[in-house]
Amino acid sequence: MKLTILGCSGTYPGPRSACSSYLVESDGFRLVLDAGNGSMGELQRHCDLRDIDALLVSHLHGDHCLDLVVSSYARRYHPEGMPPKLPVYGPINTQERLCAAFERWPEDSLADIYDFRTISPGRLDVGPFRIDLERVAHPVEAFGMRVTAQGRSLTYSGDTSACDELVQLARDTDLFLCESAFLDVPDNPPGVHLSGREAGEHATKAGVGRLVLTHLVPWGDAERSREEAAGAFDGPLTLAETGAVYEI
C-alpha cells in the first residue's frame, strides 16, 4: 500500500500545500481520501483526475470536500468524453453539499458524474481496501477511517478533537495520519481539533507504528507541533508534506 500526500494544510491552502487530500494505492486501485481546496491540482502530478477509482470524504467542511466541485468539471467537459461515474463515499447530504456550491443547482444533481454513497460507522469494502469507519469528535458529522490492504493498515483521523474512538480505530496501525491543527495552549476551542501533544498521546495509546502530522494550519508553527508530538510519542514521527510518499 502506498500513501501520497496531495494536501496537508488545514482550514485554507497554505503557501506550499493544498488542503487535506491523500492518495492511497494498492493493486493498481487509486483511492483518494478527502478533496480539500487545491488538491486536485497536486493529484494531476501523480495521475489523471479521471483515473482515480473511488473517493472517500471524512466530513463536509469545505477544506475537505470542495475540490469535488472543480473535479466535476474535469469529468464532465473533458474532450475525450465523460468517464464512468466515480464512487464518492461521504456523510449524509454529501450530494446536496456539493450541488449547493454551484451558481445554479446542476440539472443532473451531479448524478451523471458521481455515484454518491452514504457512509456510517462500520466496515465497507472498496476495491482491494477494507475500510473501518468511526465517528470522531468534531462540530459536524465526521469520520476517522482505517484503511487496510495486503495485511497493512493506515489510519486517518479526519478532523477531530480528543476521543477514545480514534484511539480504538488506530490500534496497532502501521501509519497514523493524524490532524494537528492546534498548538498546545490553554485557550483552544473545545471539541474541534487536536494539538501536537494530543496527537502524540493518541498515537502512544494506540501503539501505532508511525505518526504523520497533518492538517497543519498556515498560521501555525509546524515544527513546534512536531516537538509537542515528540514529547508524547517516541516512535517514528514526521510532518506531512505535499508530494511525500509513504510505502506501508
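The values are calculated or read from the model by the stated rules, or taken from the named source; none is laboratory data. On a predicted model such as this, the values are computed, not experimentally measured, just so you know. Note that we place each Cβ from the backbone using ideal geometry, even for glycine, and neighbour counts take in every protein chain shown. Calculation scope for accessible area: heavy atoms of the full protein, side chains included, ligands and nucleic acids excluded. Shrake-Rupley method; radii C 1.70, N 1.55, O 1.52, S 1.80 Å.
A few comments on the model shown:
- The chain: C-alpha gyration tensor shape, a/c 1.5 cut-off, then a/b vs b/c: prolate
- Counting protein heavy atoms only, the chain has 46 percent of its accessible area on carbon and sulfur, 1.4 angstrom probe.
- Rounded, prolate or oblate (a/c below 1.5 giving rounded, otherwise prolate when a/b exceeds b/c) for segment 96-190 by Cα gyration tensor: oblate
- In the chain, excluding the sites themselves, the longest stretch lacking any of the trypsin sites (Lys or Arg not before Pro) that are in a DSSP loop with at most 11 other Cβ atoms within 10 Å is 105-248.
- Solvent exposure of segment 158-248 amounts to 42 Å² per residue of accessible area, where only protein heavy atoms count and the probe is 1.4 Å.
- Qualifying chymotrypsin sites (Phe, Trp or Tyr not before Pro) in segment 73-120, DSSP loop, other Cβ atoms within 10 Å at most 13: F102
- A 1.4 Å probe run over the protein chains yields, for segment 40-143, 48 Å² of accessible area per residue, whole-number rounding.
- The residues H78, H59, H138, sorted by heavy-atom accessible surface at 1.4 Å with ligands and nucleic acids left out, run H78, H138, H59 from largest to smallest.
- Global form of segment 1-128, assessed from the alpha-carbon gyration tensor, a/c cut-off 1.5: rounded
- For the pair Q44 and E227, label points projected 7 Å from Cα toward Cβ lie 3.9 nm apart.
- Longest site-free stretch - the chain; sites: GluC sites (Glu not before Pro), DSSP loop, at most 15 other Cβ within 10 Å: 108-240
- Other residues lying with their Cβ under 11 Å from the Cβ of E228 contribute a combined charge of -3, Lys and Arg counting +1, Asp and Glu -1.
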